[in-house]
Structure formats: structure tokens, C-alpha cells
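To start, the structure itself, in C-alpha cells.
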Amino acid sequence: MSEKKVRVRFAPSPTGGLHLGGVRTVLFNYLFAKKHGGDFVLRIEDTDQSRYVEGAEKYIADCLAWCGLIPDESPMAGGQYAPYRQSERKVIYREYAERLVSQGHAYYAFDTPEELDAKRKEVPNFQYGHTHRSGLRNSLTLPLQEVETLLHNGTPHVIRIKMPDDETISFNDMIRGYVSFETGLVDDKVLLKADGMPTYHLAVVVDDYLMKISHAFRGEEWLPSAPVHLLLWEYLGWKADMPKWAHLPLILKPDGHGKLSKRDGARLGFPVYAMNWYDAKTEELTQGFRELGFLPEAFLNLLAMLGWNDGTGQEIFTLDELIEKFSIERISKAGAKFDFEKAKWYNAEWIKNAPAEKLKVKVAEVLTAKGVTVNKEAYLLKIIDVVKDRCVLLTDFYQQASYFFQCPKEYDINSVKPKWTDVKTDFFNQLKDTFSHSDAFEPADLEARFKALAEEKGLKLGDVMLPFRIMLVGGKFGPHVFDIAALLGEGETLKRIDKALEAFTAQ
RNA sequence: GGCCCGUUCGUCUAGGGGUUAGGACGUUAGAUUUUCAUUCUAGAAACAGGGGUUCGAUUCCCCUACGGGCUACCA
């Protein structure tokens, strides 16, 4: 059993955008698989046709691609255990459901949803289980003849598992340790729906078996239905092949309580989905981490730290390091509240530590998207190096770098105009002359000339430094002014002084 | 309501029978930077409560409280 090849799966249902909790589940699956030389498969659980959303499947694949978590097998890439879309495996499930019925572990139930709704209203704490199933319309209560007639006539029905009245079922969760349940308290879950599609409960067991899944990671919200799955593995005769379970702690809302949801992002002003998600039905766009300006490396890094650490205090990890150091034993049990401030810190760290070469394509995209023309790569690289320390998000490069490519359109005029004097006008006019005599146009030389002139004019350095910055940048931010001037070059610097002077001295 | 899971600074967490309970984010105060950011230094800040077990519990056990999840022909 221990020689069994590691195979894990991420099994989302294509119902909308991919939540950060989902990406974390992918990550942990992926890390575990890669660490053990195993396979990572993507399986689409589209058994609920009413919830199917067009485009969601491609979106999920795109998210994984952006993150660099590429499945070894998937509906798109195919694989030995295809198909990987449950809707395309529909015929498979019925056979196993029927097998369970014939073995007495499951039964046909003919109650309509309406009847059950009524029952739930009428009976407090109603459960379709050993306490109530004897009073309902199913193959356990109806005469054999009638069941056969109903079936023969194509009467809509479901197949439900028959939970034992009084058994204790337990297992060893890789994260939580020993967990146990009383079967009498769990209801007879539907296995096969009236439309012939399996529910998650049946499909997950059948497919995990057929696809030889060795370890199953999923959110903690699945823990209560684990006994159903355990029983199914047993009844189907596959117990020896059952994957090891790992129920991941949930990602919670930063404020208040409960699972983090898409709505929280909108409410609190941060993304929850990996990438932008456009809902055609509601015409609603939900912003993603990618579009907000996160690096995929940072996104993965911060997700990994939500519920896992390597015990050393290290917080910045590359994907390769995560693969190397990942271990299930170090996953925490408690849910984690999502902290967007810390998320931004991770991104800032990744931007700060990335070589300009790695950032150039993304930065160029940010700038061009805003209408800034970027054509000289060597220049772009220098600019990135000089401003990346002040960017938290990739989109910050617009504000931090665009003035290197175009003259500021607006000036922080309030910071200069009230204190403007003719002496200053005079100073800057002469500065142009001094600067044009600088041979190299290097920061140190420019600074020396600037200082000498200020002294000559009897101006305090502080009185002209800030105006000079605003002339070149437009606002009170950016690297050292003389570095900026040098990067801009003589022509552009003089031009900007002129242009700003006009604005500063206008009535 | 029932069942299941959980509980160390505001947040993410390390630790684990005897510690000044450590780190990070955020925050506060300084230093550097004649802008902003980075960087650096310092500070405030936590073992939910009650019972056991023990010479000694934050650590082990039980209870309570609190939090979360599930309770669909959704996943």
C-alpha cells in the first residue's frame, strides 16, 4: 500500500470563478504530488446541470495555468483515465449504484422533492434515515411488485444509500487525526439523482477509485459527509484502495465570521478570485488577484502560508522550495482569517526581490494598458530597478514609472505655488543653463551644480529640491531627483523645467 | 436543534510540562532618506474559562464557553 503511486486530484465544479481557497487546495494537492513524484489530476465535477456555468471550466484551467500549477491529466490534456468530466462518465455511475441496491446497501426512493419538503416542514429535524425511511415511499417499504412496476413505468426516482442504524465509523485524517461518527445520525444521502446523474457522494468515490487516487485533499466542509464516503468505499469492496483523507482548514472572513466568500471581497475591497470573473447572467465583474496586480509567485506564496509553515520562520518561498519543504504534518487544524494587508506584503516582497528582467513584460503590460508607450527595453529595465521598491502591486508601476516615459500631465501645484517667488523662477532658468553644461549628465554632477547654484542664489536647498521634483515627476514621490533627471536625459529634463515653470508662474 | 471540527498577540503563526512564550503582517516611536517608498532600531500586544493529573501546567485529560462547518435529487 505504501508503494502505491501518489495520485491526487482537484475536483471543482464549474459554477463560477475560482476562489482563493480553491487555489490553495490545488496548491496543496500539487505540492504533495510533486514532492512525491506523483500525478496531479484535474477532474471537473459537473454533475449538477442546473448550476453549470458556461466558461467556468476554461476559467479554472486558465487560473491553474497562471499559477503554474499544471495538471498532469485533465479534460483538456486528456490522460489514461479519461474522460475527466463527470458528465461524460454518467453511464459509469448507474452501474455502481445498482450494484449497491442489489447488495442491500442502497435502495430506490420515489418520494418527490415536494413531498420531502412538506415532510421537512411537518417533522422537526426530519432526516431521510433509519428513523423515518420506513414511512416513506421506497423499495424498502413498498411491495416488490409495486417497486418493479414503478421502475418499469419509468417513475422518477433516486437511489439512496442505506446508512446502518447504529454503527460507529471512524478514520484517521492526515490533518485532524482520529475522527468518528455515528451512522444513525447521518441521513441516507442520495447517490443517484432522478436525472440519472450521480451526486458528489457517489461520483467522488467511484472516480477516486477508478482514477487510482491515493490521497484526497478537500475542504473541511466535507468532513460531515466523510462517513458516507467511507461506507461507499467499503460497500463497493474497495476499502483497501481508499485514498488517505486530508480535510483542509477553511479560509475565513477577515472580519466577523464564516467562510470567506466572493461577497466579502466586494464588501471589504479585496479580491477573492484568482483572476477576473465575468458573470454573463448578472453582468457582474468580480476582480481577481491577477488583474489587481499580484504576481502568481506571491499569490501562491501567501496561500501556502495560510495554514502551513515549515517551522523555521521563513515566509518567502518559491514554488520549488514549497515542493521541497511541504509536509502534511505541518498543516494547521484551525481555520485562518484572510488578511489582505499581509497578502499585499507578500506581493511587495516578491516585486522588490524580482530582477527587472523578470518583471519587464508585466510592467510593460501595465504601462501600455494605461496608454504609456514603452519601446526601449534597456531603459525600461533601469526604470524598474529604480522604482520597484515602492510598488506593492504591479499596477503601482503606472504611478511610479509612467513619468519616465511621458511628461507629467498634472502637477502637485499646491505644494509649490503658494511659496513660489521670482528668485525661484530665476533659479530654474539658470539651472537649465548650468545643466546644459554638464558633460556626462550624471546624478552626482547634476547635484553638485544644483547645490552650487542654490547657494549662489541664497536659496535653501529644501526650497528648490521639491519644486524640481514636481517639475520632473508631477508629485511628491519617486527616487532621488538627480537620478530621475539623469535617466530622463538632458533634453527631456530641460523641457520639463520649462513646461513646469509655465504652470508654476501662471496667474 | 442535532452531529462534526477547532481555540497562543488585532491577524498569520512557532513552541511545548519548568521559556524573559519566539517570528511575521499591521500598529506606535525613533534613525536614515532634503519627496515617497525601502532599510534599520526600539515599543505595545497572546496561551478563552473552570476543574483535574503533576513538585510544576500555556503544553496532557475532562467539562464549559466561544468560533466554525454540515444538516439538498449543490458541490
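No lab work stands behind these numbers, since they all come straight from the coordinates. Every value quoted in this text rests on a predicted model; they were computed, and no experiment measured them. Positions of Cβ are generated from backbone atoms using ideal geometry, with glycine treated the same way; all protein chains shown enter the neighbour counts.
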| query | Sequence-distant or interchain residues sharing an amide H contact under 5 Å with A:L191, placed H: which? | reply | A:I159, A:R160, A:I161
| field | Ranked by how many other beta carbons lie within 10 Å on average, peptides A:200-207, A:480-487 from highest | value | A:200-207, A:480-487
| task | Would you mind calculating the relative contact order of region A:353-470 from Cα pairs under 8 angstrom and at least 6 residues apart, reporting the percent as a whole number? | result | 20
| Counting other Cβ atoms within 10 Å of each Cβ, which GluC sites (Glu not before Pro) in region A:406-456 have at most 12 and sit in a DSSP loop? | A:E410
| request: Let me know the Kirkwood hydrodynamic radius for region A:196-257, please, with Cα pairs as the basis and the value in Å to one decimal. | output: 12.8
| remark: Taking a straight Cα-to-Cα line shorter than 19 Å from A:K388, and setting aside same-chain aspartates and glutamates fewer than 8 residues away, one finds A:E291, A:E297, A:E341, A:E349, A:E357, A:E365, A:E377, A:D396, A:D483
| task | Please work out the Cα convex hull volume for chain A and give it in Å³ per residue. | result | 195
| query | Dividing the alpha-carbon radius of gyration of region A:440-506 by 2.2 N^0.38 Å (N being the number of residues), what value is obtained? | reply | 1.06
| field | Other-chain or far-sequence residues with amide H under 5 Å of A:H215's (modelled H) | value | A:R7, A:K244
| request: For region A:394-403, take each phi angle, set θ = phi - 60°, evaluate the Karplus expression 6.51 cos²θ - 1.76 cosθ + 1.60, and give the result in whole Hz per residue in order, putting x for glycine and proline. | output: 4, 5, 5, 4, 4, 5, 7, 10, 4, 5
| Extension gain A:S102-A:E234, at 0.36 nm per residue separation less the Cα-Cα distance, in nm? | 46.0 nm
| field | Excluding exposed DSSP-loop trypsin sites (Lys or Arg not before Pro) (at most 14 other C-beta within 10 Å), longest clean stretch of chain A | value | A:6-280
| query | Expressed as a whole number of Å, what is the distance separating the alpha-carbon centroids of region A:303-368 and region A:215-293? | reply | 20
| Cross-link pairs beyond the 18 Å C-alpha cut-off, checked among A:K325/A:K362; A:K189/A:K212; A:K325/A:K360; A:K253/A:K342; A:K90/A:K193 | A:K325/A:K362; A:K189/A:K212; A:K325/A:K360
| With the radius of gyration and the Kirkwood radius both derived from the Cα set of region A:239-308, what is their ratio Rg to Rh? | 1.09
| note | Counting sequence-distant residues (5 or more places) and residues on other chains, those with an amide H built under 5 Å from that of A:N138 are A:F110
| request: Determine, at each q value in 0.15, 0.17 (inverse angstroms), the log₁₀ of I(q)/I(0) that the Debye formula gives when each Cα of region A:356-491 is one equal point scatterer. | output: -0.77, -0.94
| request: Could you run the Debye sum over the Cα atoms of region A:146-214, one equal point scatterer each and no solvent, and tell me log10 of I(q)/I(0) at q = 0.17 Å⁻¹, two decimals? | output: -0.86
| task | Principal axes first, then extents: for the Cα atoms of region A:399-471, list largest minus smallest coordinate on each axis, whole Å, largest first. | result | 32, 31, 17
| Note, ³J(HN,Hα) from phi for region A:166-181, Karplus 6.51, -1.76, 1.60, rounded to Hz, x at Gly and Pro | 8, 10, 9, 10, 9, 7, 10, 7, 5, 9, 8, x, 5, 9, 9, 9
| message | Could you tell me the center-to-center distance, by alpha carbons, between region A:129-155 and region A:411-456 in angstrom? | response | 93
| said: Roughly how far apart, in whole Å, are the Cα centres of region A:85-102 and region A:35-61? | reply: 19
| field | At R0 = 30 Å, FRET efficiency that the Cβ-Cβ distance of A:S438 and A:E365 yields, to 0.05 | value | 0.30
| field | Length released on extending from A:T149 to A:D165, taking residue separation times 0.36 nm less the Cα-Cα span | value | 2.9 nm
| task | Show which aspartates and glutamates lie in cross-link reach of A:K262 when reach means a straight Cα distance below 13 angstrom and same-chain residues fewer than eight apart are skipped. | result | A:D279, A:E284
| note | Taking every DSSP bridge whose two residues both lie in chain A, the antiparallel percent to the nearest 5 is 60
| remark: chain A: relative contact order from alpha carbon pairs under 8 Å, six or more residues apart, as a whole percent, is 12
